[in-house]
Amino acid sequence: MESVNALFLQAFNASLQNKKVNWDRELSSEEWTALFRVAESHRVLPMIYEAVYSCPSAKKADERIFRSFRQRTLQTVMMQTLKTRAFLELLNEIVSAGVTPVVVKGIICRELYPKPDHRLSGDEDVLIPAEQFALCHKVMCELGMEPLVPERELVHAYEVPYGKKDSLLYVELHKHLFPPDSEAYGDWNRFFEGVQERAVAESIQGVSVPTMGYTDHLLYLICHALKHFMHSGFGIRQVCDICLFANAYGSEIQWETLLTRCRELHADRFAAALFRIGEKHLTFDPDKACLSESWRAIGVDERAMLEDLLASGIYGADSMSRKHSSNITLHAVSAKKRGGNTGNGVLRTVFPSAKNLTGRYPYLREKPYLLPVAWADRLLKYRRETAGSSDNHPAESVRIGNRRVRLMKQYGIIE
């Protein structure tokens, strides 16, 4: 592992304990800049900055570097604080209108950190019963929220993103947690049927926030990480969310039920690798989490997983080459579910089936004969995305995709 990644993990671990690092060797300006850029790529800059800014090594560093990243830290924390407050106000109004939402990830996970608003969230995810969508949509629009998809797509969309003019708040309203049309993971929704009946409430800043039961929620966090792993990857923050959640609610989690579900998903070794990473680097405590013996008995080498997630940045967005490699990995997973060959999928990734594209092109549900139009539009968008881009190379995308398919085989996700 490169030294900058090692420094990053040390600082991250210290921040989770609300401590400072005690580095005393002199770090070059390039090392400090690389450290902060890794932190930004994983959306944890405030946590890393807070852990390192006062250590002996920092006092020897170029003040201009720290001044720049200090400003970014202050700005992002302030923005997160405003978004948190705005979301809690919105949630109160939704609940008062008779909607029964279940809040997942985001604000629930932030509360597990020593300084919640230092754990940044781009959006807030809210799951509602599909039959309540019209009511919830009406209430949100009355509160100034605007759907960010065309009106004609509201009925079919499994999730609808909302923004608000002159506000930082961004909310994704889910009818389902995963797109039902996805070959790779559309069937995962079956694990979360009836979550409203099993919901619990967490008090956040004096507001009662309904959320999924502890076993449901940990399974969802693992599934969410796995979904992004099947695309182009996921960052250290998702692993940390999972491990802190297990630390906090381990005594309430039905570990054997969770293991059964993960085995159905071929994700038991995947999840075990995340817990191993957490134990070594992210304050995960198997005893505190009441981790069962069957989980502890899973033999897995987490190092390849750690290397991949550190390289990925948040949600695998480290480079365009990596993002486009998801076409290969998703094809491999879909092929496995169809009972086909997980290899030789380059052509299929360029020209996917209508079912695989309905999330992006809803008109294919009723007009599948327009699939060639969707292919053409997709290729044009790819060209626009990559024009002039220095971090996108088709050959590199294939290399990354093939390497990550091998990684999925290593952790038993595909054969």
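The values are calculated or read from the model by the stated rules, or taken from the named source; none is laboratory data. Please read all numbers here as calculations on a predicted model, not as lab measurements. Every residue, glycine among them, receives a Cβ derived from its backbone with ideal geometry; neighbour counts consider all protein chains shown. Note: accessible area is taken over every heavy atom of the protein model, side chains too, but ligands, DNA and RNA are not part of it. Shrake-Rupley method; radii C 1.70, N 1.55, O 1.52, S 1.80 Å.
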- Query: When Thr211 is evaluated against the numbered criteria (1) within 17 Å of the chain's Cα centre (by Cα); (2) farther than 23 Å from Met408 by Cα; (3) β-branched (Val, Ile, Thr), which criterion, by number, is the only one it fails?
  - Reply: (1)
- Task: Report yes if some residue within the stretch 51-65 is open to solvent by less than 30 Å² (accessible area, probe 1.4 Å) and aromatic (Phe, Trp, Tyr); otherwise report no.
- Result: no
- Message: For the stretch 253-284, give me each residue that is open to solvent by less than 60 Å² (accessible area, probe 1.4 Å), free of Cβ contacts under 8 Å to residues at least 40 places away in the same chain and more than 17 Å from Leu9 (Cβ to Cβ).
- Response: Ile253, Leu259, Ala272
- Please give the number of the condition His118 fails out of (1) exposed (fewer than 15 other Cβ atoms within 10 Å of the Cβ); (2) closer than 21 Å to Phe245 by Cβ. (1)
- Residue pairs qualifying under the 9 Å Cβ cut-off, at least six apart or on distinct chains, with the first in the stretch 82-97 being farther than 14 Å from Asp125 by Cα and open to solvent by less than 80 Å² (accessible area, probe 1.4 Å) and the second being among the β-branched types (Val, Ile, Thr) and assigned to a helix (DSSP H, G or I), are Ala97/Val139
- Task: Filter the stretch 296-320 down to residues that are at pLDDT below 85 and assigned to a loop (DSSP other than H, G, I, E, B) and give me whichever is farthest from Gln238 (Cα to Cα).
- Result: Ser319
- Task: Could you check, for the stretch 346-368, whether at least one of its residues is closer than 26 Å to Ala248 by Cβ and modelled with pLDDT of 75 or more?
- Result: no
- Close pairs (9 angstrom Cβ cut-off, 6 or more residues apart or separate chains): free of Cβ contacts under 8 Å to residues at least 60 places away in the same chain in the stretch 211-230, among the basic types (Lys, Arg) anywhere: Gly213/Arg198; Thr215/Arg198; Thr215/Arg261; Asp216/Arg198; Leu219/Arg261; Ile222/Arg261; Cys223/Arg261
- Mind listing whichever residues of the stretch 16-33 are touching a Phe, Trp or Tyr at 6+ places or on another chain (Cβ under 9 Å) and under 20 Å from Arg67 (Cα atoms)? Lys20, Trp32, Thr33
- Message: Go through (1) assigned to a helix (DSSP H, G or I); (2) modelled with pLDDT under 95 for Met78 and report which single condition fails.
- Response: (2)
- Item | Subset of the stretch 1-50 [of a type in the set (Val, Ile, Thr), assigned to a loop (DSSP other than H, G, I, E, B) and open to solvent by 10 Å² or more (accessible area, probe 1.4 Å)] | Val21
